[in-house]
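Input: a single structure, listed below in structure tokens.
The values are calculated or read from the model by the stated rules, or taken from the named source; none is laboratory data. In this text the structure is predicted, and so the values were computed from the model without any measurement. Heads up, the Cβs are rebuilt from the backbone with ideal geometry, glycines too, and the neighbour counts pull from every protein chain shown.
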Amino acid sequence: MDNIIRVEGLRKIYGSTIAVDDISFDVHEGEIFGMVGPNGAGKTTTIECLEGLRKPDKGTLRVLGIDPRSESQTLRECTGMQLQQSNLPDRMKVWEALDLYASFYPKAADWNVLISQLGLEEKRNTAFAKLSGGQKQRLFIALALLPQPKLIFLDELTTGLDPQARHAIWELVRQVQSKGTTVMLTTHFMEEAERLCDRVAILDHGRIVALDTPEGLVRNLGVEERIVFTIRSALPAGFSEALSGETRVEVQGERVVVHGKNGRQTPLVSEVVNLLGAQGIQFSDLRTEQPTLEDVFLNLTGREMRE
């Protein structure tokens with residue numbers, strides 16, 4: 001599998017702050033690669049170094065075989081970029097923005113086709129300031145697709161969008177990938193990374209603390225699964241001890257939560273149901289809560305608020 005991006009020992013420092021601390025990774029051709037992390041983890045700095053917008057203090061970078069530091073103009077002609085702080089003049093119309101940006105590229109895509117593909121046909125004469133958040137993001141994706149890129153960078157693409165708009169943008173990203181374009185994105189929405197990304201790098205304090213598929217991260221880090229149910233009487237003594245393996249039982253009034261590690265020989269839900277039946281415990285509303293990428297993220301980066 002070809003590598004579209006190769007990063008070796010990337011380091012970037014601002015004064016006394018180490019924004020990116022000696023990270024290395026590859027992005028494979030055709031995949032959606034995500035970087036997630038708390039605020040200040042180094043996601044945007046990393047992607048801006050790859051885009052040629054910032055010069056790293058140390059490390060080797062190759063994007064489509066190009067060094068972003070010395071060939072940034074060449075890189076911009078063959079990659080698409082949607083920046084975290086993207087903006088346009090308030091009065092600029094949708095078609096005007098696309099027509100202007102198309103003039104920057106020697107082999108630009110037909111922006112009339114992009115308007116149609118991204119559901120902006122009815123907004124082609126609308127001023128930027130009057131677009132909704134989702135419509136603005138669709139426009140920025142259209143602008144990023146103008147150079148007909150092999151690689152597109154998306155930085156915090158759905159921040160500030162409502163759930164409906166976010167899901168619509170996710171579908172657009174999948175469509176971009178389906179046409180052979182490699183996508184690298186940063187996000188702080190774990191659901192977004194879990195649904196979209198083929199592989200995810202979790203950053204914390206400028207370092208990569210985990211890198212795998214979303215499924216692999218959940219499986220390999222041993223995050224707990226949970227069995228939740230309701231009972232009307234107290235659990236009998238010895239219920240917790242009767243469960244095998246590493247389990248923890250939490251009683252919250254009538255609500256009981258059984259925590260257990262993944263990878264057990266006997267599924268936790270089967271063991272809990274069998275034990276409830278054997279001990280004659282009446283229960284209701286039983287459900288399983290499988291671990292998610294958010295559980296992994298919190299396990300690795302902590303739960304304290306970051307600014």
Revision key, fill the gap. Only unsatisfied item for Ile13, checking (1) in contact with a Lys or Arg (Cβ under 7 Å, 6 or more places away or on another chain); (2) surrounded by fewer than 17 Cβ atoms within 10 Å (Cβ to Cβ); (3) outside any loop (DSSP other than H, G, I, E, B), is (1)
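Sort out for me the strands (runs of 3 or more DSSP E) sitting completely within segment 180-280 that have 1 or more residues that are in contact with a helix residue (DSSP H, G or I) (Cβ under 8 Å, 6 or more places away or on another chain) and more than 30 Å from Ile152 (Cβ to Cβ).
Of the strands (runs of 3 or more DSSP E) lying wholly inside segment 180-280, those with at least 1 residues that are in contact with a helix residue (DSSP H, G or I) (Cβ under 8 Å, 6 or more places away or on another chain) and more than 30 Å from Ile152 (Cβ to Cβ) span 224-231, 247-252, 255-261.
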Practice item. Could you look through segment 203-251, keep only residues that are of a type in the set (S, T, N, Q) and modelled with pLDDT under 90, and pick out the one that is farthest from His28 (Cα to Cα)? Key: Ser233
Check your understanding: Does Glu96 satisfy being assigned by TED's automatic domain parsing to the domain that holds His205, free of Cβ contacts under 8 Å to residues at least 12 places away in the same chain and assigned to a helix (DSSP H, G or I)?
Key -> yes
Point to revise | Scan of segment 18-68 for residues that are aliphatic (A, V, I, L, M) and in a strand (DSSP E or B), ordered by number | key: Ile18, Ala19, Val20, Ile23, Val27, Ile32, Met35, Val36, Leu61, Val63, Ile66
Practice item. Output the number of residues of segment 119-139 satisfying the condition of being touching a strand residue (DSSP E or B) at 6+ places or on another chain (Cβ under 9 Å), assigned to a helix (DSSP H, G or I) and surrounded by fewer than 20 Cβ atoms within 10 Å (Cβ to Cβ). Key: 1
Review point. Say we look at segment 25-60 and pick out the residues that are among the polar types (S, T, N, Q) and farther than 26 Å from Val176 by Cβ; which of these is modelled with the lowest pLDDT?
Key: Asn39
Review point. Got a number for residues in segment 107-157 being out of contact with any helix residue (DSSP H, G or I) (no Cβ under 7 Å at 6 or more places or on another chain) and of a type in the set (Asp, Glu)?
Key: 3
Check your understanding: Has segment 91-109 got at least one residue that is under 23 Å from Ala201 (Cβ atoms), of a type in the set (A, V, I, L, M) and surrounded by 14 or more Cβ atoms within 10 Å (Cβ to Cβ)?
Key -> no
Review point. When segment 281-294 is examined, which residues are found to be under 30 Å from Pro236 (Cα atoms) and either modelled with pLDDT of 90 or more or touching a Leu at 6+ places or on another chain (Cβ under 9 Å) (or both)?
Key: Ile281, Gln282, Phe283, Ser284, Asp285, Leu286, Arg287, Thr288, Pro291
Review point. Residues in segment 150-160: is at least one β-branched (Val, Ile, Thr) and surrounded by fewer than 20 Cβ atoms within 10 Å (Cβ to Cβ)?
Key: yes
